[in-house]
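Visitor: A single structure is presented below for examination.
The values are calculated or read from the model by the stated rules, or taken from the named source; none is laboratory data. Keep in mind that this is a model prediction, so the values were computed, not measured. FYI the Cβ positions are ideal-geometry reconstructions off the backbone, even for glycines, and counts take in every protein chain you see. Side chains are part of the model used for accessible areas, which takes the heavy atoms of the whole protein and leaves out ligands, DNA and RNA. Shrake-Rupley method; radii C 1.70, N 1.55, O 1.52, S 1.80 Å.
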Amino acid sequence: MLEVRGLKAAYGGTEILRGIDLDVAEGEIVTVLGSNGVGKTTLNMVLSGLAPARGGDVRFCGETITNRPPGAIVEAGLIQVPEGRRIFPNMQVRENLELGSYGRGKANRAANLDRVFETFPRLKEREKQLAGTLSGGEQQMLAIGRGLMAEPRLLILDEPSLGLSPLLVEEMFDLIRKLNAGGLAIMLVEQNVVQSLEIASRAYVIENGEVAMAGSAASVAENPELRKTYLGL
Ligand SMILES: Nc1ncnc2c1ncn2[C@@H]1O[C@H](COP(=O)(O)OP(=O)(O)O)[C@@H](O)[C@H]1O
Ligand SMILES: [Mg+2]
């Protein structure tokens, strides 16, 4: 459903993405791995229309969405849960969730809210609480819940495990697996190589603005280069 071809991006004169090729098919978890600063978030921003592509193109569900306005990309069903959660701390949990259906999913807002609360009972318990009072793990759940309110066809998660305790990281990966088991296609952007490769069907590793390794998650996990560079083995 997502086809990225030769995608380039830069900040000023600094080239960050030098021609990325990447696909996500219906129902897949695809993980995009890479060290800090390699351009993963930049890739997400370009896919979401929040940063310009300097070359190449992005197709989503058969339509070219390269450099289209962010609102149009959301409307098409490509929904991103940004790095660092970006929730609104001074608004209630429920209000944060409702904002997720601002651009898409408005008609089914009530039913989707029920479903999100079913998936995240802890958010239901804290429905009226200000989002800023939630723990880090709960805030990440809120950010994902907000994404689900927009009825994603493809959900991009940008480092959902960042800053969580090992126990919560485990819970987060279980949750991602569960969402995917319900049929949702997920592009999982992570630095957590081991756990991401465990739940993904396919993987891309980005280095120097290019795809350095790609293939089934199992084959990438076995790649000696990956094991040396990212796992110190
Ligand atoms: N708004 C920006 N302006 C200039 N440089 C940026 C900006 N955002 C990110 N960068 C730089 O682009 C590179 C890629 O960043 P980023 O996409 O955030 O990487 P990652 O998500 O893989 O950690 C980094 O060197 C970062 O410093
Ligand atoms: Mg990032």
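Visitor: Starting from 0 in steps of 10 Å, tell me what percent of the Cα-Cα pairs of the chain lands in each bin.
Guide: The calculated distribution, bin by bin, is 8, 33, 37, 19, 3, 0.
Visitor: Considering Cα pairs under 8 angstrom that are at least six residues apart, work out the relative contact order of the chain and quote it in whole percent. Before the final figure, lay out the partial values.
Guide: On the way: 452 pairs, mean separation 61.5, N = 233.
Relative contact order, the chain: 26 percent.
Visitor: Could you tell me the calculated FRET efficiency between ALA218 and GLU75, based on Cβ-Cβ distance and R0 = 35 angstrom, to the nearest 0.05?
Guide: Working: r = 36 Å, r/R0 = 1.01.
In this case the efficiency is close to 0.50.
Visitor: Which value, in Å², gives the accessible area per residue of the chain when a 1.4 Å probe is used on the protein heavy atoms? Write down the numbers at each step before the final one.
Guide: Details: 10570 Å² over 233 residues.
Averaged over the residues of the chain, the accessible area is 45 Å².
Visitor: Between SER165 and LEU130, what FRET efficiency follows from the Cβ-Cβ distance if R0 is 22 Å, with the result rounded to 0.05? Before the final figure, lay out each step's value.
Guide: Numbers: r = 22 Å, r/R0 = 1.01.
For R0 = 22 Å, the calculated efficiency reads 0.50.
Visitor: Given a 1.4 Å probe and every protein chain left where it sits, what share in percent of the accessible area of region 91-149 is carbon and sulfur? Before the final figure, lay out each step's value.
Guide: Values: 1340 of 2790 Å².
Within region 91-149, the accessible surface is 48 percent carbon and sulfur.
Visitor: Here is a further query. With label points built 7 Å along Cα→Cβ from the Cα atoms of ALA111 and LEU99, find their separation and express it in nm.
Guide: Simple spin-label model gives 2.6 nm for this pair.
Visitor: To make sure I understand the rule: partners must be lysines, Cα under 17 Å from the Cα of LYS8, and not fewer than 8 residues away in the same chain. Which ones qualify?
Guide: Excluding near neighbours in sequence, the set is LYS40.
Visitor: If you don't mind, another one. What FRET efficiency comes out for GLU207 versus ARG5 if R0 is 25 angstrom and r is the Cβ-Cβ distance? Round to the nearest 0.05. Mind dumping the intermediate values first?
Guide: On the way: r = 19 Å, r/R0 = 0.75.
Calculated value: 0.85.
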